[in-house]
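Take a look at the structure below.
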Amino acid sequence: MEEIYVNERCFKPANKSSIKNLTGPRSCKRNFYLVVILLLGLLTGSISLAFYYKNALHKYLSSSKQLSSMTEERDLLKANLTEMTKELERLQRLFNQKKTCPAGWSKFCCSCYLLSESSDSWHSARKNCTDQGADLVVIDSPEEQIFIASFTQKRTWIGLNDIEQEGTWKWVDGTPLTLKYWASGQPDNAFPKENCAHIRFYENTSWNDFPCQNSLQWVCEKLL
């Protein structure tokens, strides 16, 4: 598969338990943003302290000893601000480094995807993905739904199921289902234990519930 749809508006929910081989949050940007927010918070706090000491300096100009001590603290704050700024720039450079997918995988946003060549049950499909450091795909944006539909031509397993509790659909990373692309009237649990979901219902690109033991293709997803 060739690389399609590179879209930077990508936010994956945090991996709670099931994808042990993935590192960081499901959003490849989330860790970066958390670090940036932390650094900005530190910067804001340091700047506030700097203003405090600046105002205090004006009040205690008569005391040379206090002035000397506060000047030293001000200089230390400036040095800390400089170091934090350098660290932020380093993180930005690391984040902006070009990342590529393994051979045969397709890149979309911050993940790599692989369409299986064979068919199997949902559980076997998931094991195949986890053996490769991935998991069945979690679709959490309209753009990702369009992307997955663009290279699947028939019924294909995705990482969605209600195995634990009938009617409570969850993704393989433990996140609840919010964005939905069910076909009309689905999920209907028409056959016993239709607990797993696939994309492409007949000729359209929507989802359908299906017995997990049935044999379909599948899509694996791993974070960059």
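Values computed for the structure shown
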read-out	value
Counted residues, segment 147-166 - those being within 27 Å of residue 203 (Cβ to Cβ) and out of contact with any strand residue (DSSP E or B) (no Cβ under 8 Å at 6 or more places or on another chain)	2
Residue 143 being modelled with pLDDT of 95 or more and of a type in the set (Asp, Glu)	yes
Which numbered condition residue 104 fails, given (1) free of Cβ contacts under 8 Å to residues at least 12 places away in the same chain; (2) at positive phi	(1)
Output for segment 170-193, where each listed residue is more than 17 Å from residue 141 (Cβ to Cβ) and either among the acidic types (Asp, Glu) or touching a residue at least 60 places away in the same chain (Cβ under 8 Å) (or both)	174, 188
Residue list for segment 155-203, filter: closer than 19 Å to residue 115 by Cβ, in a loop (DSSP other than H, G, I, E, B) and modelled with pLDDT of 95 or more	155, 172, 181, 200
Complete set of residues in segment 72-126 that are surrounded by 11 or more Cβ atoms within 10 Å (Cβ to Cβ), of a type in the set (S, T, N, Q) and part of a helix (DSSP H, G or I)	80, 85, 92, 124
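The values are calculated or read from the model by the stated rules, or taken from the named source; none is laboratory data. Keep in mind that this is a model prediction, so the values were computed, not measured. Ideal geometry is used to build each Cβ from the backbone, glycine not excepted, and the neighbour counts take in all protein chains shown.
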